[in-house]
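Participant: Pasting a structure here, questions to come.
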Amino acid sequence: MSKQCEVCGKTKMAGNQVKRQSKWVLRRTNTPRHPNLQTVHVENENGATVKVKVCTHCLKKMKQEEQ
C-alpha cells in the first residue's frame with residue numbers, strides 16, 4: 001500500500017521528535033511524517049469511476065475546481 005498522493009506525488013517527510021525536560025532539550029529522534037491521504041472515487045475520461053489516493057491539499061483544490 002503506497003503512501004503517496006497520486007496527484008502531486010507528496011510522500012513522507014523527515015521530522016524531529018523533541019524530548020524536553022523543563023526548559024532543556026534532552027534528545028531529538030528522527031520520525032517520519034506522512035501526508036494525510038484520503039481515498040476518493042473519481043471519474044476518468046471514459047466515465048468509469050476509479051479509486052484514487054489523494055492528499056487533503058489536492059482534495060481541496062479538486063473541490064474548488066468543481067464549483
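Participant: Scanning the stretch 56-67 for residues that are within 28 Å of Asn16 (Cα to Cα) and either touching a strand residue (DSSP E or B) at 6+ places or on another chain (Cβ under 8 Å) or of a type in the set (D, E, K, R) (or both), which turns out surrounded by the most Cβ atoms within 10 Å (Cβ to Cβ)?
Facilitator: Among those that are within 28 Å of Asn16 (Cα to Cα) and either touching a strand residue (DSSP E or B) at 6+ places or on another chain (Cβ under 8 Å) or of a type in the set (D, E, K, R) (or both), it is Leu59.
Participant: When the stretch 9-20 is examined, which residues are found to be within 12 Å of Cys55 (Cα to Cα) and either of a type in the set (Ser, Thr, Tyr) or touching a Lys or Arg at 6+ places or on another chain (Cβ under 9 Å) (or both)?
Facilitator: Thr11, Lys12
Participant: Same structure, new question: Across the stretch 34-50, what is the total count of residues that are exposed (fewer than 10 other Cβ atoms within 10 Å of the Cβ) and either under 20 Å from Lys3 (Cα atoms) or in contact with a Ser or Thr (Cβ under 9 Å, 6 or more places away or on another chain) (or both)?
Facilitator: Qualifying residue count for the region: 3.
Participant: Given the conditions (1) within 20 Å of Ser2 (Cα to Cα); (2) part of a strand (DSSP E or B), which single one is not true for His57?
Facilitator: The number of the failed condition is (2).
Participant: On to the next question. Collect the residues in the stretch 1-39 that are in a strand (DSSP E or B) and of a type in the set (Gly, Ala, Ser), keeping them in residue-number order.
Facilitator: Hits for the stretch 1-39 are Ala14, Gly15.
Participant: With respect to Lys53, is the statement that it is touching a residue at least 24 places away in the same chain (Cβ under 8 Å) and surrounded by 11 or more Cβ atoms within 10 Å (Cβ to Cβ) true?
Facilitator: For Lys53, the condition - touching a residue at least 24 places away in the same chain (Cβ under 8 Å) and surrounded by 11 or more Cβ atoms within 10 Å (Cβ to Cβ) - is met.
Participant: Moving on to the next point. Look through the stretch 40-54, keep the residues that are part of a loop (DSSP other than H, G, I, E, B) and among the polar types (S, T, N, Q), and return whichever of them is nearest to the chain's Cα centre (by Cα).
Facilitator: Asn44
Since every read-out is calculated from the coordinates, none of them should be taken as a lab result. The model shown is predicted, which means the values in this text are computed figures rather than measured ones. Backbone-built Cβ (ideal geometry, glycine too); neighbour counts: all protein chains shown.
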